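The values are calculated or read from the model by the stated rules, or taken from the named source; none is laboratory data. Just so you know, these numbers come straight off a predicted model, no measurement behind them. Reconstructed Cβ throughout: ideal geometry from the backbone, glycine too, with neighbour counts over all protein chains shown. For the accessible areas, the whole protein counts, side chains as well, though only heavy atoms, and no ligand, DNA or RNA atoms are used. Shrake-Rupley method; radii C 1.70, N 1.55, O 1.52, S 1.80 Å.
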Amino acid sequence: MHHYRPTMTVDYSRISDTARAVNAEALPRMQAHIRRISPRIESMNSGDSFVIADFGAADGVNSSELFEKIVGQIHEINSVLPIKLIYIDLADPEGFMAFWEDSALSRLENVEGRYIQRSFYKPFPELRGRLQIGFSSTALHWMNAETAGPDYFRHHLCLQPNQLADHERRRFAEKWKEDFRTFLQECSKSLVEGGALFLANLANLGGDRWPASPGYNNLWDICRELFAEGKLSLAELDAIFIPDYFATPLEVAALLEEGYLGSCFCLKGCDPLTVPCAYFARSQGRLNDPQERSMLAATLARVVRAWSESSMQIGLNPDNKALVNEIYQRVENKFFEKPEGLPYQYCLLELIKRNNA
């Protein structure tokens, strides 16, 4: 069985404009939460630890500026309180180690960083009853491939479920619900009473307003073109699939009202957010210049490659792997012919674990 293990760390080795926009939305919510629990922080002693986790952290860089501000706020309340930052992802630890060594966080007093190479759908016994704040951005849309059969992620009409009509993507919606429910149940075991989750879930806001849809749609058009040209087999066309799902805010809210989750968590926020494509915005007014247009197309193709190449490699036959470069060259060509932004839509969640949950 093939294992889908998105490997984006190298491509995400600097803070993206999208991450900064999400952090700007998450920061005031996190700061307000810390103010609410400041008596608890004040009463903790140097033998305790304030534990913060980043689920789906890649190399850790995207949350670094956010965490610096949060650490500063906590230490204003209790300057000697040890803070443990836990970074969780499937990616190779080397990316995190390189980031941490040079990061401002690593030079702060009473701050420790640790990387756990594990799926965020797995149990975390080392966090049980100790987690104060959980954070995630741009990760929880990935479905859990370990609980799916070898042929589950196959479809001849799409390479991503949000390209399908509502009734056709139902089985993927159910899979996402099962996976997100598992994640939240594990978080409930990790969190202290009154602990909080701040989750930026990539979301479907209706119509074509789902994250980076021009990138997915260009990729699918290219796969069909290559099939028509005889460069892709029918089996490969079926097997090329990106195992993520963008739920609507309504789907998210409905799941959080379910029996166990509803009794465990208080939902303080479930808000839609669209982050415009920074690359496209910077090129506005200059797209008649072929050089500007070419630079934008190359940038957008690299962004698409960052989150799709590992899935593309899985779908291609072993003797056809060389086609990958041609696929992304064609992505670049399509963006040159028709420049489009890659906006990112989110559902911003704030969840508090209830007392005695």
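Details
- Here the label points at Q117 and R209, each 7 Å from Cα along the C-beta direction, are separated by 4.1 nm in the simple model.
- Per residue, the accessible area of the chain comes to 44 Å², computed with a 1.4 Å probe over protein heavy atoms only.
- Cα-based helix-to-principal-axis angle, 323-337 vs the chain, degrees rounded to 10: 90 degrees
- Extension gain (nm, one decimal) between E146 and D92, 0.36 nm per residue minus Cα-Cα: 17.6 nm
- Dividing the radius of gyration of the alpha carbons in segment 119-238 by their Kirkwood radius gives 1.07 for Rg/Rh.
- Projecting the Cα atoms of F180, L157, N201 onto the charge dipole of segment 152-229 (Cβ charges, centred on the Cα centre) puts F180 farthest toward the positive pole.
- The charge dipole of the chain, taken about the Cα centre with unit charges on the Cβ atoms of Lys, Arg (+1) and Asp, Glu (-1), comes to about 620 debye, rounded to the nearest 20.
- Of the beta bridges in segment 50-158, as assigned by DSSP with both residues counted there, near 0 percent are antiparallel.
- Nitroxide proxy distance, nm - points 7 Å out along Cα→Cβ at A235 and T274: 4.3 nm
- Pairs from the table (K189/K353; K122/K175; K177/K321; K175/K353; K268/K353; K122/K177) lying more than 21 angstrom apart at Cα are K177/K321; K175/K353.
- Projecting label points 7 angstrom from Cα along Cα→Cβ for Q73 and Q329 puts them 4.9 nm apart.
- Using alpha carbons only, the radius of gyration of segment 198-357 set against its Kirkwood radius gives Rg/Rh = 1.08.
- Förster radius 25 Å - calculated FRET efficiency between S310 and R286 (Cβ-Cβ, nearest 0.05): 0.15
- Label point at A254 placed 7 Å out along Cα→Cβ; residues across segment 129-171 whose backbone nitrogen lies under 14 Å: 166-171
- Estimated dipole of segment 92-222 in Debye, rounded to 20 [Cβ of Lys and Arg +1, of Asp and Glu -1, Cα centre]: 440 debye
- Highest average packing first - 307-314, 195-202, Cβ atoms within 10 Å: 195-202, 307-314
- Taking the longest Cα principal axis of the chain as reference, the axis of helix 290-315 is set at about 80 degrees.
- Between the helical axis of 93-102 and the longest alpha-carbon principal axis of the chain there is an angle of about 60 degrees.
- Quotient of Cα Rg and 2.2 N^0.38 Å for the chain, N being how many residues it contains: 1.02
- Within the listed set G60, G262, G285, the Gaussian network model of the chain (springs between alpha-carbon atoms below 10 Å) gives the highest mean-square fluctuation for G285.
- DSSP bridge orientation in the chain - percent antiparallel, rounded to nearest 5: 45 percent
- Listed residues L219, S137, C347: farthest to the positive end of the dipole of the chain (Cβ charges): C347
- The chain, accessible surface, carbon-and-sulfur percent (1.4 angstrom probe): 49 percent
- One decimal place: the segment N320-E337 gains 3.5 nm when fully extended, by the rule 0.36 nm per residue minus the C-alpha distance.
- One compactness figure for segment 153-205 is 1.49, namely its Cα radius of gyration divided by 2.2 N^0.38 Å.
- Span from the segment 149-205 Cα centroid across to the segment 31-63 one, whole angstrom: 26 Å
- Kirkwood-Stokes translational diffusion coefficient of segment 272-356, alpha-carbon pairs, 4 °C, 1.567 mPa s, µm²/s: 85 µm²/s
- Highest mobility in the GNM of the chain, judged by mean-square fluctuation with C-alpha springs under 10 Å and restricted to E174, E193, E251, is found for E174.
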